[in-house]
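The values are calculated or read from the model by the stated rules, or taken from the named source; none is laboratory data. Since this is a predicted model, take the numbers as computed values, not measurements. Counting neighbours? That spans all protein chains shown, and the Cβs are built from the backbone with ideal geometry, glycine included.
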Amino acid sequence: MVSIQAMAFRAHSLELISYQQYRYFNIKLNRLKYKQIEPLDRELKVPRPGKLRSILQLLFEKEYLPLDELMNAMEVDIGFLTNLTGIEEDFFKHYQLQQARTFSIKDLDFKVI
């Protein structure tokens, strides 16, 4: 589950292949158009992060970190979080809507005369 380019870079950084071999390898990758799409890129599914989703779920449900606060701190929107984490957009929208529902008139602390 590692790209060919990453393996070649690692081999070169560990000095398992010379600079000339690394350069030649990259030229071959470019000619075969593997720099854009590598073999098996379309066949292998990218695993989704399960731990990250469960950690965020815990933080949001226990209200240790509200979603709006996370988005404001990172200066991003839900679409960006979806692309960054690989977690579906509905997951984030659920907690965004949930926060909106928890606010009530009692939170304003009005005194009835």
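A few notes on this one:
- Considering the conditions (1) modelled with pLDDT under 90; (2) exposed (fewer than 14 other Cβ atoms within 10 Å of the Cβ), ALA6 is excluded by exactly one of them, (1).
- The residues of region 7-60 that are of a type in the set (Ser, Thr, Tyr) and touching a residue at least 12 places away in the same chain (Cβ under 8 Å), listed by number, are TYR22, TYR34.
- Residues of region 42-62 that are exposed (fewer than 11 other Cβ atoms within 10 Å of the Cβ) and more than 15 Å from LYS93 (Cα to Cα): ARG42, GLU43, LEU44, LYS45, VAL46, PRO47, GLY50, LYS51, SER54, LYS62.
- When residues of region 15-46 are limited to those that are at pLDDT below 90 and charged (D, E, K, R), the one farthest from ASN83 (Cα to Cα): LYS33
- Within region 47-74, the set of residues being within 30 Å of VAL2 (Cα to Cα) and either modelled with pLDDT under 85 or part of a loop (DSSP other than H, G, I, E, B) (or both) comprises PRO47, ARG48, PRO49, GLY50.
- Tally, over region 75-85, of residues that are surrounded by 13 or more Cβ atoms within 10 Å (Cβ to Cβ) and not in a loop (DSSP other than H, G, I, E, B): 4
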